[in-house]
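A.B. asks: What follows is a single structure, and I will ask about it in a moment.
Read-outs: derived from the displayed coordinates by stated rules, not from any lab. None of these values were measured; they are calculated from a predicted model. We place every Cβ from the backbone using ideal geometry, glycine too, and count neighbours over all the protein chains shown.
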Amino acid sequence: KRDEENLNLFRALKVKQIPIEEQAIERSHIYDEKLSPECKPLESQDSFESIRLFLSHHGFCSLDSMDYLKNGKHWDNSKAFDRFQTRIQLLDSTAENFFDDIKKLDKTSPILNCTGQIFYLKKRQYTILESFENMETPEELNPAFLKMVSQFGSVVEVKRHCGWTGNSETSWKTVSSSHSNTNPETKTICEIDGHDSILYWVDLTTEMAFYLPHHFSMDHHSPEMRILIVWLEEFRDDLDSILPAQESSSKFRDISIIGIHPLKNHLFRISLNANAQRMQSACASIPLIDGMVVPLNILSFFLR
């Protein structure tokens, strides 16, 4: 009798289980018909502007620069903050000088460029306008000055040089094979004037041109910041006073002056004007500090 009761219980459970399994089979058929999508990587985007990405990575697409470009604003060169802002200029393809602008852009070096103008002030000379004739008699100059100048870089002729020359009009030009294969002549210090020859230095990030000019131009419109390296036989507290009267009173130009005064212990005292000190404080990588004393063997390295 007990076996019969167990058998009836099993039959009842079986009757209940059959519809449950039938429903499960039906659901499995439905799921098979609706297969879940296979995981695939997203398609590569090809509609973005690569030039925008390039300019952004190199710091040209700042919010300020894009706002100025969109609204037709112009940076104020009289303000030091504006001069250091990245600028984007739209080229008009319908303009007559469009291809000239493209050629200039194509010739521009991908690394930074910098120019240093070198002056020598003797005793009882008060402005750099009095210093131009000093280079005609190098034997009367301090030998340490001549050694410092020689360590700034290699002497290259402007007409045979394809890099930065200190002037955008003569820089980054194609040099003919006849000029490039000719060995340059020995140059005197008077000929390293920026027109005939320069002292050239280049590394991975910067190319520099140094020269000893025969005159001092009053160009206020060039965006390039001017750096003057002045050898002082007599120490000056106010370096801005050695500038011409028109230039020292002008606020439209940012001129950084680095003064070098030889001491009796054969060391050299560095002095910076206000603009150079601001530049030094803004860039921690600049080793020169106003009032510091350095030996001759590292003087040119620190100045570069």
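A.B. asks: Between residue 205 and residue 94, take the C-beta separation as r, use R0 = 25 Å, and let me know the FRET efficiency to the nearest 0.05.
C.D. replies: The formula returns an efficiency of 0.10 here.
A.B. asks: Also, quick follow-up: Among 139-147, 205-213, what's the highest-first ranking by average C-beta atoms within 10 angstrom per residue? Mind dumping the intermediate values first?
C.D. replies: Numbers: 139-147: 13.2, 205-213: 20.0.
The peptides rank, most packed first, as 205-213, 139-147.
A.B. asks: If amide H atoms are built 1.01 Å from N in the plane of the peptide, which residues on other chains or at least 5 residues away come under 5 Å of the amide H of residue 119?
C.D. replies: HN-HN under 5 Å from residue 119: 229, 230, 231.
A.B. asks: Please compute the length gained on full extension between residue 29 and residue 144, using 0.36 nm multiplied by the number of residues separating them and subtracting their Cα-Cα distance.
C.D. replies: Working: separation 115, 0.36 × 115 = 41.40 nm, distance 9.51 nm.
Additional length available on full extension: 31.9 nm.
A.B. asks: Fully extended, how many nm does the chain gain between residue 245 and residue 126 (0.36 nm per residue separation, minus their Cα-Cα distance)?
C.D. replies: Taking 0.36 nm per residue and subtracting the Cα distance, the gain is 41.7 nm.
A.B. asks: Rounded, prolate or oblate, given the Cα gyration tensor of the range 85-150, with a/c below 1.5 counting as rounded?
C.D. replies: prolate
A.B. asks: Order these peptides, 259-269, 112-122, by their mean beta-carbon neighbour count within 10 angstrom, highest first.
C.D. replies: Ranking, from highest mean packing down: 112-122, 259-269.
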